[in-house]
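Following: one structure in structure tokens, then a few remarks.
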Amino acid sequence: MKVLVLNGPNLNMLGIREPELYGKGTYNDLVNFIRYAARELDLNVEVFQSNSEGELVTAIQNALGKFDGIVINAAAYTHTSVAILDALKAVGLPTAEVHLTDIHSREPFRQLSYVGMYARKTVCGKGFDGYRECLIWLKETIK
Ligand code: DQA
């Protein structure tokens, strides 16, 4: 089972960026966490981060035929990107949405999630652990 984990803009700044919100773990720590969790679950995982909406759209399109599912933290694009929503719909792969913080208890502009209009599972507010929860859900869903 192959899973693509996508991380959107500014997640490469983890550890530096608003640590009181996002924690002190770096992006590299997050990638190691995801790889470890995937190994434990016997999943093949590829992790990709981009600050560019178009690159994320292309990564989703390229997942067709190569991956069995997607975990996505589209970061700020969650709340703005119809293009990412359309790409997810076009590809049709089982998708779990993850956020480090609880977007529902934050600013009003974070309440809307375009990704959530397609993703059948959303985990937010659980930090790195949310990625593991999404991987577990995908494994159950795909089999
Ligand atoms: C985030 C929440 C988004 O609202 C924000 O723009 C991010 C990170 C999270 O993981 O909590 O960049 O997706």
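The values are calculated or read from the model by the stated rules, or taken from the named source; none is laboratory data. The shown structure was predicted, so the numbers you read here are calculated from the model rather than taken from an experiment. Ideal geometry is used to build each Cβ from the backbone, glycine not excepted, and the neighbour counts take in all protein chains shown. The area values use the complete protein model at the heavy-atom level, side chains included, leaving out ligands, DNA and RNA. Shrake-Rupley method; radii C 1.70, N 1.55, O 1.52, S 1.80 Å.
Comparing mean-square fluctuations of Ser50, Ser105, Ser113 from a GNM of the chain with C-alpha springs under 10 Å, the top value falls on Ser105. Each Lys and Arg contributes +1 and each Asp and Glu -1, all at the Cβ; summed about the Cα centre of the chain, the dipole is approximately 240 debye. From its DSSP helices (H runs of at least four residues, each -39,500 (n - 2.57)), the chain gives a residue-normalised ellipticity at 222 nm of -11000 deg cm²/dmol.
Spacing of the modelled spin labels on Glu55 and Phe109, each 7 Å from Cα toward Cβ, amounts to 2.3 nm. Distance between the 7 Å Cα→Cβ label points at Ala76 and Tyr36: 3.0 nm.
Over segment 27-125, Cα pairs under 8 Å with separation of 6+ residues give a relative contact order of 25 percent. Of the solvent-accessible surface of the chain, computed with a 1.4 Å probe and all protein chains present, 50% belongs to carbon and sulfur.
Taking amide H atoms as placed 1.01 Å from N in the peptide plane, the amide H of Val98 lies under 5 Å from those of Ile72, Asn73, Ala74, Val123, each 5 or more residues away in sequence or on another chain. Taking 15 Å as the straight-line reach from the Cα of Lys2, the aspartates and glutamates in range (excluding those fewer than 8 positions away in the same chain) are Glu40, Asp42, Glu46, Asp68, Glu140.
For the chain, the Stokes-Einstein estimate of translational diffusion at 20 °C and a viscosity of 1.002 mPa s comes to 144 µm²/s, using the Kirkwood hydrodynamic radius over alpha-carbon pairs. Here Lys126 is the anchor, and the lysines within straight C-alpha reach of less than 21 Å, apart from those fewer than 8 places off in the same chain, are Lys24, Lys139. With protein chains left intact and a 1.4 Å probe, residues in the chain average 48 Å² of accessible area per residue. Over the chain, with a Gaussian network built from C-alpha contacts below 10 Å, which listed residue (Gln111, Gln61, Gln49) shows the highest mean-square fluctuation? Highest fluctuation among the options: Gln111.
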